[in-house]
1. Run the quick spin-label model on Lys59 and Leu311: label points 7 Å from Cα toward the beta carbon, then report their separation in nm to one decimal.
2. Between Ala37 and Ala339, what FRET efficiency follows from the Cβ-Cβ distance if R0 is 30 Å, with the result rounded to 0.05?
3. How far, in degrees from 0 to 90, does helix 25-53 lean away from the longest principal axis of the Cα atoms of the chain, to the nearest 10?
4. Over the Cα atoms of the stretch 1-121, how large are the radius of gyration and the largest Cα-Cα distance (Dmax), in Å?
5. Can you give me the distance in nm between label points at Gln392 and Leu262, each placed 7 Å from the Cα along the Cα-to-Cβ direction?
6. Convert 4 °C to kelvin, take the viscosity as 1.567 mPa s, use the Kirkwood radius over C-alpha pairs of the stretch 257-400 as Rh, and evaluate the Stokes-Einstein diffusion coefficient in µm²/s, rounded to a whole number.
7. State the dimensionless ratio Rg/Rh of the stretch 17-69 (Rg: radius of gyration of Cα atoms; Rh: Kirkwood radius).
8. Could you state the angle between the C-alpha long axis of helix 151-163 and the longest principal axis of the C-alpha atoms of the chain, as a value from 0 to 90 degrees rounded to the nearest 10?
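The values are calculated or read from the model by the stated rules, or taken from the named source; none is laboratory data. Just so it is clear, the model here is predicted, and its values are computed rather than measured. When we count neighbours, we look across all protein chains shown, and the Cβ atoms used for this are built from the backbone with ideal geometry, even at glycine. What goes into the accessible areas is simple: the full protein's heavy atoms, side chains included, and nothing from ligands, DNA or RNA. Shrake-Rupley method; radii C 1.70, N 1.55, O 1.52, S 1.80 Å.
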Amino acid sequence: MEKLRKMVNQIAYTPPQDRLRTLSTLQFSLIPLLSLASTLYGFALPLRHRLYHLGLLHKDRLPVPVISVGNLTWGGNGKTPMVEFLAVWLAAVGSSPLILTRGYGGADEAKMLQRHLAGTPVKIGIGANRANTAACFLKRYGYISPCKHGDSDFEKRFSDNKQGNCSYSDQIGVAILDDGMQHISLWRDIEIVMVNAMIPWGNHQLIPLGPLREPLTALTRADIVVIHHADMVSKKDVEAIASEVRKVKNYLPIFLSRLMPLYFLKAGNMSCKLALMNIHNTLVLCVSAIGSADSFVERMKKLEPAYVDRLDFSDHHLFQAKDIDMIRLRLRNLQSEFAMKPVVVVTEKDYDRAPEVLKHLNPYEVLVLCSSLQILPHNGNTEDSFKKCLWQHLEVSNKV
């Protein structure tokens with residue numbers, strides 16, 4: 001199954017003109033079946049939206065503002081880091097947030113959020129039915145009734161946040177919908193769409209032939225677009241993506257972000273922090289099962305280790321004994337080739353998905369790269385203007 005996922009993923013991100021040069025005979029044989037499935041999926045999508053529009057399917061509405069963080073393609077778009085960024089900020093301005101996540105793939109993202117946000121007023125609800133999960137939390141903790149505020153109120157709370165003057169409440173003030181764009185059964189007040197700058201649209205086909213969960217026209221529902229991993233591509237590529245977005249919806253606010261490496265943690269002893277410079281001139285094997293392995297590997301290379309090798313698995317892959325054997329074999333080969341002991345580096349998502357399994361890599365050291373999302377300055381847009389844009393959208397909806 002893992003091999004099949006990798007083959008399908010390669011098809012999805014290979015432009016049609018490059019298929020003959022890069023795809024195998026087996027992959028070519030899969031294209032007609034994938035194409036048929038994509039066509040059927042393309043028919044079902046607008047029908048589903050139409051049923052919600054006509055009221056034939058029920059759409060739930062929460063008594064607090066809802067910010068959806070989603071994407072048009074599968075995996076690697078920075079949704080979870082953005083969810084955490086929003087939660088930290090909203091908690092800091094006194095609007096205790098509730099994160100609603102489905103806990104897919106071993107709940108690695110939810111576990112990571114729980115670790116990062118422990119001790120804060122942020123609450124995390126896990127479950128496929130986000131409306132029911134929210135109802136349970138709202139009943140347990142209560143919520144702050146939405147009320148209308150003006151621009152001056154925003155400025156006051158925004159200023160208070162900078163000065164550390166905000167008070168906290170255990171009552172829920174805002175809900176953040178993780179991976180929410182296609183979860184249209186729940187009303188949202190803001191739709192943030194994350195775009196991976198390194199591989200924005202793949203082959204422009206709908207799943208499973210391509211990576212698109214919806215066509216680009218779905219960007220008409222977006223309130224804000226964030227181009228993630230913008231530091232990993234050229235300014236020209238960023239502008240090309242922004243131009244394509246604005247062809248669908250002009251005057252859409254577009255911001256840039258990156259995943260900023262902070263430090264390493266030792267697997268098995270997550271209280272032990274190591275500086276990024278510790279990896280300098282070492283032999284590194286990057287092991288990951290995430291949506292954008294390329295960005296992870298490229299960021300590791302920027303830390304200037306002696307050499308970086310990689311083993312990639314499909315997004316949310318649950319490591320098994322045979323995977324550990326494969327990793328150990330690669331480590332032994334690297335040690336033999338370079339005459340130095342390699343270090344394994346994984347992402348936090350990979351660690352939280354299988355912390356016990358990674359212990360079987362002894363005697364090789366396993367480090368966990370910790371990162372956080374950062375809004376990059378671009379065309380006058382900054383982190384402050386991003387937050388102000390969010391707040392103004394909430395004010396327009398008369399929710400905050």
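1. 4.6 nm
2. The calculated FRET efficiency here is 0.05.
3. Around 10 degrees separate the two axes.
4. In Å, with Rg to one decimal and Dmax whole: 19.8, 57.
5. Reported label-point gap for Gln392 and Leu262 is 3.0 nm.
6. The calculation lands on 77 µm²/s.
7. Across the stretch 17-69, the Cα-based Rg/Rh ratio is 1.28.
8. Taking the Cα atoms of the chain, the angle to 151-163 is about 40 degrees.
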